[in-house]
Amino acid sequence: MKRQLGVGMLTSSNKNKELFFGIDGGGSKCKAIIMNKDNEILGTGISGPGNPLHGFDQATNSITESAKLALEDAGLSELELSDIVAGVGLAGVNLPVLFDQMAAWQHPFKAMHLATDLLIACLGAHDGSDGAVMISGTGSCGFSCVDEQQTIVGAHGFPHGDKGSGAWFGLQGVKQVLLSLDGIVPTTLMSDVLLKKLNCKDDTDLVEAVASQKATYYAQQANLVFDAAEQGDKVALAIVDEGAEYINSIARTLLTKNPPRISMIGGLTPRLKPWLADDIKAKLEEPISPPEVGSVLFARQQQAKQSVQQSA
């Protein structure tokens, strides 16, 4: 997507009608963009976690803050917040109770079109057309939209779900380090790295450091698992193989829906993709646009539907 400079020159006559917010709220961060009718991104803002599963107030604050930061980046006033339509895709709202809670939010936008992070990721990856995506970031899941039929695989949340995600890899790493320190599993390169990173002397310190931590914290430990696996560490290799096979299974399930395209997205993608099965890697296509662009595409679709209904 193009980035246009000097947008402070926009006139009030066009900015209200032609601009859209595209917002992608996940477990680690919330990203907002402002896009014009020519698909140029005018401003970007990033704030804290945007998954209402981990707190409604935190999610709504992150959405608002990211939008304000995008306005600032675009050279626009915060006062424009209420003049711009927003497409908002969020993790967690695949659960009906959270969708209803977010839909009832007294948002600050001109209008808000709410969707799951899965739908906006798919729309962005395939330029608004049918397709499928596998997501591996803080959490993990699969999603396809073919002939208006949506299929979700996973998306059950951490720690009871989200296998093959950053949070899952980090948690498995911590578990195996503790077992290694107890002498139950072989010595692993991950032990010294993790203890040093978290400023711990032994297993007791480590337990105190990780107790009651959230998904985002564990996701921050995922890279050390891949670092160790790439050095041939057997304990780390077993973790990576198990996580990769789960993502392979998601892909194979999605492919039964015959999507025209399938992509993999999420912050863990560069580390995890090389470990997937060759037949799966061969089918993966690069996403066309990121999820926040998918939010804009979704908002435009919904606005167009409303216009047709109002004119009928």
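The values are calculated or read from the model by the stated rules, or taken from the named source; none is laboratory data. These numbers come from a predicted model, not from an experiment. Glycine gets a Cβ as well: all are built from the backbone with ideal geometry, and neighbour counts include every protein chain shown.
Annotations for the structure displayed:
- A Cβ distance below 7 Å, combined with a sequence gap of six or more or placement on separate chains, defines the contacts here; from the stretch 103-118, residues that are in contact (Cβ under 8 Å) with a residue 60 or more places away in the chain reach residues that are part of a helix (DSSP H, G or I) and surrounded by fewer than 16 Cβ atoms within 10 Å (Cβ to Cβ) in the pairs F109/S82; K110/S82; K110/D83.
- Some residue of the stretch 256-268 being closer than 30 Å to V185 by Cα, small (G, A, S) and within 20 Å of the chain's Cα centre (by Cα): yes
- Inclusion of G267 among residues that are at pLDDT below 95 and either in contact with a Gly (Cβ under 8 Å, 6 or more places away or on another chain) or under 14 Å from C145 (Cα atoms) (or both) is warranted.
- Within the stretch 53-78, residues that are under 16 Å from I23 (Cβ atoms) sit with their Cβ atoms under 7 Å from residues that are among the polar types (S, T, N, Q) and not in a helix (DSSP H, G or I), at 6+ positions apart or across chains, in these pairs: A59/N51; S62/S47; E65/S47; S66/S47; L69/S47; A70/T44; L71/S77; D73/T44.
- Among the residues of the stretch 182-200, those that are assigned to a loop (DSSP other than H, G, I, E, B) and not aliphatic (A, V, I, L, M) comprise D182, G183, P186, T187, T188, N199, C200.
- Only one of K197, K175, K214 that is basic (K, R) and either modelled with pLDDT under 95 or in contact with a strand residue (DSSP E or B) (Cβ under 7 Å, 6 or more places away or on another chain) (or both): K214
- When V146 is tested against (1) assigned by TED's automatic domain parsing to the domain that holds A86; (2) surrounded by fewer than 23 Cβ atoms within 10 Å (Cβ to Cβ); (3) of a type in the set (V, I, T), just one condition goes unmet, and that condition is (1).
- If only residues of the stretch 273-312 that are charged (D, E, K, R) and in contact with a strand residue (DSSP E or B) (Cβ under 8 Å, 6 or more places away or on another chain) are counted, the one that is farthest from A132 (Cα to Cα) is R300.
- Of the set (1) touching a Lys or Arg at 6+ places or on another chain (Cβ under 8 Å); (2) assigned to a loop (DSSP other than H, G, I, E, B); (3) at pLDDT 95 or above, all apply to S66 but (2).
- Checking each residue in the stretch 232-249 for being closer than 11 Å to T188 by Cα and touching a residue at least 12 places away in the same chain (Cβ under 8 Å) picks out D233, K234, V235, A236.
- Sole residue being crowded, with 24+ Cβ neighbours inside 10 Å and more than 29 Å from R252 (Cα to Cα), chosen from V177, V133: V177
Rundown of residues vs (1) closer than 18 Å to P260 by Cβ; (2) of a type in the set (G, A, S), yes/no style:
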{"residue": "V88", "(1), (2)": "no, no"}
{"residue": "M102", "(1), (2)": "no, no"}
{"residue": "F109", "(1), (2)": "no, no"}
{"residue": "A115", "(1), (2)": "no, yes"}
{"residue": "L119", "(1), (2)": "yes, no"}
{"residue": "L123", "(1), (2)": "yes, no"}
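- Filtering the stretch 225-236 to residues that are assigned to a helix (DSSP H, G or I) and surrounded by fewer than 21 Cβ atoms within 10 Å (Cβ to Cβ) leaves D227, E230, K234.
- L119 assigned by TED's automatic domain parsing to the domain that holds L42, in a helix (DSSP H, G or I) and either surrounded by 17 or more Cβ atoms within 10 Å (Cβ to Cβ) or within 15 Å of the chain's Cα centre (by Cα) (or both): yes
- Considering P108, P96, the condition of being surrounded by fewer than 24 Cβ atoms within 10 Å (Cβ to Cβ) and out of contact with any Ser or Thr (no Cβ under 8 Å at 6 or more places or on another chain) is satisfied by P96 alone.
- Filtered residues of the stretch 283-312 (kept if more than 23 Å from the chain's Cα centre (by Cα) and of a type outside the set (V, I, T)): Q303, A304, K305, Q306, S307, Q309, Q310, S311, A312
- Single unsatisfied condition, D100 versus (1) within 19 Å of P291 (Cα to Cα); (2) without any contact (Cβ under 8 Å) to a residue 40 or more places away in the chain; (3) not aromatic (F, W, Y): (1)
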